[in-house]
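Each remark here refers to the structure printed beneath this line.
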Amino acid sequence: MKKVKLGINVDHIATLRQARKEKNPDPIEAARVALTSGADMIVMHLRHDRRHIQEEDVRRIREEVKAPIHLEMAVTKEMEKIALKIRPDSVCLVPEFPNEVTTQGGLNLNGKTGELKRIISSISGAGIEVSLFVNPEPQDIRAAHNFGADTIEICTSVYAESWGKKIQAQELEKIQLASFLVKELGMNLHAGHGLDYYNVVPIANIDGMDCLNIGFSIISRAVFVGLKNAVAEMKRLTS
Ligand code: PXP
């Protein structure tokens, strides 16, 4: 029996709400439905441009929903301040660029990393678990470990894009090897980005996988089958 937790990302419930800037659909209601349908954790990415999740959503979900809250955020002083104020259970630091459609791969850990190290220690010092979103590359995983991260979230987007192509097996193997290294270094192992009902099983089957963070495919499926069924189906595939 696998023991993989499922983090449901509710960003795109907020994307739909922001299309009209009204109250519905409410990400808090989505969080409640997700939790009663098999989610173990609620995930949100508060972006600098506030295109979907708003600070108020994070605050309300923190206060009104009894579940672990995982905040994805850029490495900025603004986000650090918000995290220290709202105090999610865990934070995942991600790269963020203006006008990108979605997160473009893992953090660059080989450039100027002074601010990253400072924010990791500030958030970690406040008792919030710190995860770094990294590509399945051994040098990035070792760097993240040296920076003091508790958790590595391996970026699965290249694997997801390789689905049905010749390089699929190779991309899966990269993630398997990276996962082995994460566990060898004694860190928590998460994976996510681009995971869907087709490509998720080989990732959920990786030894030591602690948690998968999934959003877009589940919210898309929810349009046709309802959020309850969409989450429950994903839970069945991953546990
Ligand atoms: N993990 C991270 C770090 C992300 O930035 C995202 C997207 O917000 C996800 C997981 C979820 O990706 P998807 O919406 O493609 O499932």
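Listed highest first by mean packing, meaning other Cβ atoms within 10 Å per residue, what order do 94-103, 136-145 come in?
136-145, 94-103
By count of other Cβ within 10 Å, fewest leading, how are Met44, Met187 ordered?
Met187, Met44
Could you work out the relative contact order of the stretch 1-156? I mean the mean sequence separation of Cα pairs under 8 Å and 6+ apart, divided by the number of residues, in percent.
RCO, the stretch 1-156: 16 percent.
For Asn205 and Asp49, what is the calculated FRET efficiency with R₀ set at 25 Å and r taken between the beta-carbons, to the nearest 0.05?
The computed FRET efficiency comes out at 0.10.
Ratio of alpha-carbon Rg to the 2.2 N^0.38 Å globular estimate for the chain, to two decimals, please.
0.95
Compute the distance in nm between two label points, each set 7 Å from the Cα along the Cα-to-Cβ direction, one at Glu184 and one at Lys85.
Going by the 7 Å Cα→Cβ label model, 4.3 nm.
Pick from Leu172, Leu46, Leu84 the residue whose mean-square fluctuation is largest in a GNM of the chain, springs joining Cα atoms under 10 Å.
Its mean-square fluctuation being the largest, the pick is Leu84.
Taking the beta-carbon count within 10 Å as an exposure proxy, list Leu16, Leu195 from fewest neighbours to most.
Ordered from fewest to most neighbouring Cβ atoms within 10 Å, Leu16, Leu195 come out as Leu16, Leu195.
Evaluate the distance, in nm, between pseudo-label points positioned 7 Å from the Cα of Leu177 and of Glu29 along their respective Cα→Cβ axes.
Taking the simple label geometry, Leu177 and Glu29 are separated by 4.8 nm.
Tell me, how many Å apart are the Cα centres for the stretch 28-93 and for the stretch 133-159?
21 Å
My understanding is that a pair violates if its Cα-Cα distance is over 20 Å; which of Lys3/Lys235; Lys3/Lys183; Lys77/Lys117; Lys2/Lys183; Lys165/Lys235; Lys3/Lys174 do that in this structure?
Table pairs above 20 Å Cα-Cα are Lys165/Lys235; Lys3/Lys174.
Tell me the Kirkwood hydrodynamic radius of the stretch 1-123 in angstroms, computed as one over the mean inverse distance between distinct C-alpha pairs.
After inverting the pairwise mean of 1/r, the radius is 15.2 Å.
Per q in 0.17, 0.25, 0.27 Å⁻¹, report the Debye log10 I(q)/I(0) for the stretch 73-145, using one uniform scatterer on each alpha carbon and no solvent.
So the normalised log intensities work out to -0.63, -1.25, -1.36.
Under the Kirkwood approximation for Rh and a Cα-based Rg, what ratio Rg/Rh is obtained for the stretch 106-239?
We get a ratio of 1.00 for the stretch 106-239.
Bear in mind these aren't lab numbers, they're just calculated from the coordinates by the rules spelled out. Treat the numbers as computed from the prediction; the structure is a model and nothing was measured. Cβ sites come from the backbone with ideal geometry, for glycine too, and all protein chains shown count toward neighbours.
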